[in-house]
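Working notes, structure below.
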Amino acid sequence: MNIRKEFLDFFASKGHEIIPSAPLVPDDATLLFTNAGMVQFKDIFTGAIPTPKIPRATSCQLCVRAGGKHNDLENVGYTARHHTLFEMLGNFSFGDYFKEDAIAYAWEFITKNLELPVEKLWVTIHDDDDEAYELWKKHISEDRIMRFGDKDNFWSMGDTGACGPCSEIFYDQGVENFNGPEDKMGGEGDRFLEIWNLVFMQYDRAADGTLNPLPKPSIDTGMGLERVIAIKEGVFNNFDSSAFAPLIDKLKSMSTTKCDEKNIGSFRVIADHVRTVVFMLSQGILFDKVGRGYVLRRILRRAVRHGYLLGFRVAFMGELVDTLCNMMGNAYPDLNEKKDYIKEQIELEEERFFKTITSGMELFNAELENTKEVFSGEIAFTLYDTHGFPLDLTEDMLKDKGLKVDIDTFEACMDEQKTKAKAAWKGSGDELNEGEFKELLDKIGINKFIGYDHIRSTSTIVALLDENFKQIDTLEEKQTGWVILDKTPFYATSGGQEGDVGALENDQHIAIIEETKKLHGLNISKVKVENLTLKVGEIVSAVVVNRGEVAKHHSATHLLQSALKMVLGDTVSQAGSLNDDKRLRFDFTYPKAMTNEQLEEVEDLVNSMIARGLKGSVEELAIEEAKNKGAIAMFGEKYGDMVRVVEFGDVSVEFCGGTHVQNTAEIGSFYIVKESGVSAGVRRIEAVVGLSAISYTKDALKKIAQVENEVKNKDIIQGITKLKEQIKQLKNEIKEVHENVATPLNELDINGVKVVVDIVPQGDIKKLVDDMKNGNDKVATLLLQEKDGKVLLVAGVKDTTIKAGDWIKAIAPIVGGGGGGRPDFAQAGGKDPSKIEEAKTAALKYLKNNI
């Protein structure tokens, strides 16, 4: 049975709209990852936006719980049911049906569709929920309905807001299989397995804790797909089910270590983690040092460490990707489409970690021998900072030993990085949860964007907001706020394209549009009033002023992606972009810096596409038709059934909602101004076109003229070459002068050994030491020299009992340095020239005591 399809089809038959799984990166500044099915409906439940036309929905949502408040990472592999990524089946009612239908639907699906035996089922309700009790009595024996308190059977979105009692459905796995003291309803044992949670959102909790009934109660349910699969297949551990077994079987065939009770946990961790890594990569999350990318890195490295325990010493996880795609590719086609890219990214990250894991394990084991109760926080930090071991990986390795890390010391070492990481993922979308958008949407609906065809329009102001997104009737002179037009030519920031700027005009008076963004589907522009008063209901002329140059840069980005694929290969994928009227920035997946030859080839290809005058075309297509046409989708973007496809001749076809030129010839020239690294496996190209390309060329020509003037030669290469030859000649002359300057040195004879310990103000002291060794049968010399605020020390010995390396090691610390070398020759550097005389005296004393 395809349980995922069975569930969605069942609720579709009950009038629910099937909603695709939302991206793992949620449109919610408070969450690191999508961790429940209700996340994408949060604004509906909170009343931030109106109820959809179809007030009931169903979904199978991919969820990640591996960071932030909801983090199951440390439990994976040690329990039967914890996973970093899982699928949550859910049905939702937005003020439509309530408890009676929610309970009836759940019971029907479980007993009729899943055919779970009634005698194996139990339910729990809240202590005070008599209504649920009466409804459940229609379906199940009263002695199988258990009441529990707030801890187990009350759900809330936060300290205030929507909340309510919940009812959970449990499956009895049998007293013959689980019979410990905690194997009871409400216990911590595994006998009674929770499979479905029905949340009855019927209250609004006030700040003082008062529960006020909601006028339109709602339903939010969640059921773990992996748990249901295990129950249907009669296994007691999710990892033994078809959701994971093929991955574990493949791993067993790859490993030289036989699977047994002691190491089965490592096989399970890898099977779990490869699912999470593959789905995160497929949705555009990249390995990084901070934020979501760091969580991804932690998960992969935890898996690699378990692979290391199983004997793997080279990248291996990529070999599991084909197996996973065979298992889940039909439900999630992106996996197959991006399979090669995913494999490449996994292999690169594995190779990075395998370079340091051996040295890291040696350091870990060495410290472990010295650890009695608490593992050094400094060593844990070194493992993190130098060897790439995330803290939770070190903690995981200590778990079996019953040891803990000195967290306070680790965090003291880690404080700066933690601050950066927190700032990186918190995001800047808080305004989405502010303002009066529900009321606005109820009153005016979604305004119309006409900017694809018009950069000027006569529009009506349908709403004005202050800077905090609160509705107002007017914006006075010199005030700043937000304006919503009934139809707007201003493009809102999205898809890497900066939002439009421009003006609102009325009878020679102007208000400046400073930026445009989209909030809750509304196209909204920030406006600074100059010399007029704006009023709701007023008719104004809306004018876009920067569109042409932005369009040139955006279209050039499409050509650039095509050129990169031609030069670097099809596994190159977009990892981010920014297009405004001054430049373009394009991030893409590639493991190393591009060569000058590659950059030149890409630049030439883009300019040839521009010179060909390729016609641009835009069309709305069904998403499958667009994919069949070869259109490139942006990783991590959520698309509807119909998509906008932008095409340039035979070189570029992409999903894109941005604005573009009608012909590539409009772009002008294309120049790459910089290529750099963004993070591991991600490169960035910055380039200019249009007017910015003209400015770039003029600046370059101006600098060339300046160089011509400086080198006194119209052929600047010839002029620079001549200057370099002159510089080389002067250096040789200076060197010769230094070498020929006779520096009188203090010489002693101690026991037949020529001894020279002195400070040399100039010249090559290494050469002086070599000359003394070559010119004497028995010699011991140590010379010091102050240079550029530092101290150089060189020692040389020949046919004596003194060792140059030991001599240098004894003296260098006096001047704040260190060094060493061979018994016959050694050198060092120091930071404190003020101690040079002291070092000279100590060097001579050392010699007299040891010769």
Next on the checklist: Return the residues of the range 577-615 that are in contact (Cβ under 8 Å) with a residue 12 or more places away in the chain and part of a helix (DSSP H, G or I); say none if nothing qualifies.
Outcome noted: GLN598, LEU599, GLU601, VAL602, GLU603, LEU605, VAL606, ASN607, MET609, ILE610, ALA611
Next on the checklist: Condition first: buried (at least 18 other Cβ atoms within 10 Å of the Cβ) and out of contact with any Asp or Glu (no Cβ under 7 Å at 6 or more places or on another chain). Now tell me which residues in the range 644-656 satisfy that.
Outcome noted: GLU647, PHE648, VAL651, SER652, GLU654, PHE655, CYS656
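Tell me the residue from SER525, SER573 that is touching a Phe, Trp or Tyr at 6+ places or on another chain (Cβ under 7 Å), among the small types (Gly, Ala, Ser), at negative phi and without any contact (Cβ under 8 Å) to a residue 60 or more places away in the chain, please. Walk me through it before giving the result.
Working: SER573 fails: without any contact (Cβ under 8 Å) to a residue 60 or more places away in the chain.
When all the criteria are applied, what remains is SER525.
On the basis of being more than 33 Å from the chain's Cα centre (by Cα), within 27 Å of GLY548 (Cβ to Cβ) and at pLDDT 95 or above, does THR488 make the cut? Break it down into steps so the answer makes sense when it comes.
On the way: more than 33 Å from the chain's Cα centre (by Cα): yes; within 27 Å of GLY548 (Cβ to Cβ): yes; at pLDDT 95 or above: yes.
So THR488 fits the description; yes.
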Checklist entry - When you look at ALA162, is it open to solvent by less than 50 Å² (accessible area, probe 1.4 Å), in contact with a strand residue (DSSP E or B) (Cβ under 6 Å, 6 or more places away or on another chain) and over 30 Å from ALA245 (Cα atoms), yes or no? => result yes
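Mind listing whichever residues of the range 782-792 are touching a residue at least 40 places away in the same chain (Cβ under 8 Å) and either open to solvent by 70 Å² or more (accessible area, probe 1.4 Å) or touching a helix residue (DSSP H, G or I) at 6+ places or on another chain (Cβ under 6 Å) (or both)? Give the derivation first.
Narrowing the range 782-792 to residues touching a residue at least 40 places away in the same chain (Cβ under 8 Å): 782, 784, 786, 789-791.
Matches in the range 782-792: LEU782, LEU784, GLU786, LYS790, VAL791.
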Checklist entry - Does ILE704 count as open to solvent by 40 Å² or more (accessible area, probe 1.4 Å), within 48 Å of the chain's Cα centre (by Cα) and not basic (Lys, Arg)? => result yes
Checklist entry - Does GLU115 satisfy the condition of being assigned to a helix (DSSP H, G or I) and of a type in the set (D, E, K, R)? => result no
Checklist entry - Has the range 463-477 got at least one residue that is open to solvent by 10 Å² or more (accessible area, probe 1.4 Å) and over 19 Å from GLU436 (Cβ atoms)? => result yes
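Any residue at all in the range 294-308 that's open to solvent by 30 Å² or more (accessible area, probe 1.4 Å) and closer than 26 Å to LYS338 by Cβ?
There is at least one residue in the range 294-308 that is open to solvent by 30 Å² or more (accessible area, probe 1.4 Å) and closer than 26 Å to LYS338 by Cβ.
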Checklist entry - What number of residues within the range 234-276 satisfy the criterion of being among the aromatic types (Phe, Trp, Tyr) and open to solvent by 40 Å² or more (accessible area, probe 1.4 Å)? => result 1
Checklist outcome for this item: Requiring at least 2 residues that are under 52 Å from the mean Cα position of the chain (by Cα) and not hydroxyl-bearing (Ser, Thr, Tyr), the strands (runs of 3 or more DSSP E) wholly within the range 743-837 are 779-787, 790-798, 818-821, 825-830
Checklist outcome for this item: Sole miss for MET414 among (1) under 33 Å from the mean Cα position of the chain (by Cα); (2) surrounded by 15 or more Cβ atoms within 10 Å (Cβ to Cβ); (3) at pLDDT 80 or above is condition (3)
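One line per residue, one yes/no per condition, for (1) touching a residue at least 12 places away in the same chain (Cβ under 8 Å); (2) open to solvent by 30 Å² or more (accessible area, probe 1.4 Å); (3) part of a helix (DSSP H, G or I):
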| residue | (1), (2), (3) |
| --- | --- |
| GLY318 | yes, no, yes |
| ASN330 | no, yes, no |
| ASN336 | no, yes, yes |
| ASP340 | yes, yes, yes |
| GLU351 | yes, yes, yes |
| SER359 | yes, yes, yes |
| GLU362 | no, yes, yes |
Item to check | Filtered residue count, the range 5-41, keeping only those that are part of a helix (DSSP H, G or I) and open to solvent by less than 50 Å² (accessible area, probe 1.4 Å) | outcome: 9
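Being open to solvent by 20 Å² or more (accessible area, probe 1.4 Å) and under 22 Å from THR111 (Cα atoms) is the filter; apply it to the range 165-183 and report the residue that is modelled with the lowest pLDDT. Working first, answer last.
So in the range 165-183, the residues open to solvent by 20 Å² or more (accessible area, probe 1.4 Å) come out as 168, 170-171, 175-183.
Right, trim to under 22 Å from THR111 (Cα atoms) and you get 168, 170-171, 175.
Values: GLU168: 97, PHE170: 97, TYR171: 97, VAL175: 93.
Out of the qualifying residues, it is VAL175.
Would you check which residues across the range 494-537 are among the polar types (S, T, N, Q) and touching a helix residue (DSSP H, G or I) at 6+ places or on another chain (Cβ under 9 Å) and list them? Working first, answer last.
Step one: filter the range 494-537 for residues among the polar types (S, T, N, Q), giving 494, 497, 506, 508, 516, 523, 525, 531, 533.
Within the range 494-537, just GLN497 meets the criteria.
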Checklist entry - Is there a residue being open to solvent by less than 40 Å² (accessible area, probe 1.4 Å) and under 21 Å from GLN497 (Cα atoms) anywhere in the range 593-604? => result no
Checklist entry - If only one of ILE54, ILE140 is closer than 23 Å to LYS232 by Cβ, β-branched (Val, Ile, Thr), assigned to a loop (DSSP other than H, G, I, E, B) and in contact with a strand residue (DSSP E or B) (Cβ under 9 Å, 6 or more places away or on another chain), which one is it? => result ILE140
Checklist outcome for this item: Selection from the range 666-707 of residues touching a strand residue (DSSP E or B) at 6+ places or on another chain (Cβ under 8 Å), at pLDDT 95 or above and more than 21 Å from GLU600 (Cβ to Cβ) yields SER695
Next on the checklist: If a residue must be farther than 28 Å from ARG275 by Cα and loosely packed, with under 15 Cβ neighbours inside 10 Å, how many such residues does the range 83-119 contain?
Outcome noted: 7
Next on the checklist: Looking only at the range 200-233, count every residue that is surrounded by 23 or more Cβ atoms within 10 Å (Cβ to Cβ) and over 30 Å from PRO50 (Cα atoms) and tell me the total.
Outcome noted: 2
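Which one of these is over 24 Å from ILE18 (Cα atoms) and either assigned to a helix (DSSP H, G or I) or within 40 Å of the chain's Cα centre (by Cα) (or both): GLU87, GLU131, GLU108, GLU100?
Numbers: GLU87 fails: over 24 Å from ILE18 (Cα atoms); GLU108 fails: over 24 Å from ILE18 (Cα atoms); GLU100 fails: over 24 Å from ILE18 (Cα atoms).
Only one candidate qualifies: GLU131.
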Item to check | Residues that are free of Cβ contacts under 8 Å to residues at least 60 places away in the same chain and open to solvent by 30 Å² or more (accessible area, probe 1.4 Å), drawn from the range 120-138 | outcome: LYS120, ASP127, ASP128, ASP130, GLU131, TYR133, GLU134, LYS137, LYS138
Checklist entry - What strands (runs of 3 or more DSSP E), lying completely within the range 616-734, carry at least 1 residues that are closer than 28 Å to THR595 by Cα? => result 642-648, 652-655, 670-679, 682-689
Item to check | Conditions (1) touching a residue at least 40 places away in the same chain (Cβ under 8 Å); (2) out of contact with any Pro (no Cβ under 7 Å at 6 or more places or on another chain); (3) buried (at least 19 other Cβ atoms within 10 Å of the Cβ); number of the one not met by ILE811 | outcome: (1)
Checklist entry - Of the residues LYS448, LYS518, which is surrounded by fewer than 16 Cβ atoms within 10 Å (Cβ to Cβ) and within 28 Å of GLY576 (Cβ to Cβ)? => result LYS518
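The values are calculated or read from the model by the stated rules, or taken from the named source; none is laboratory data. For clarity, every value in this text was computed on a predicted model and none was experimentally measured. Don't worry about glycine lacking a Cβ; one is built from the backbone with ideal geometry, like all the others, and counts go over all protein chains shown. The area values use the complete protein model at the heavy-atom level, side chains included, leaving out ligands, DNA and RNA. Shrake-Rupley method; radii C 1.70, N 1.55, O 1.52, S 1.80 Å.
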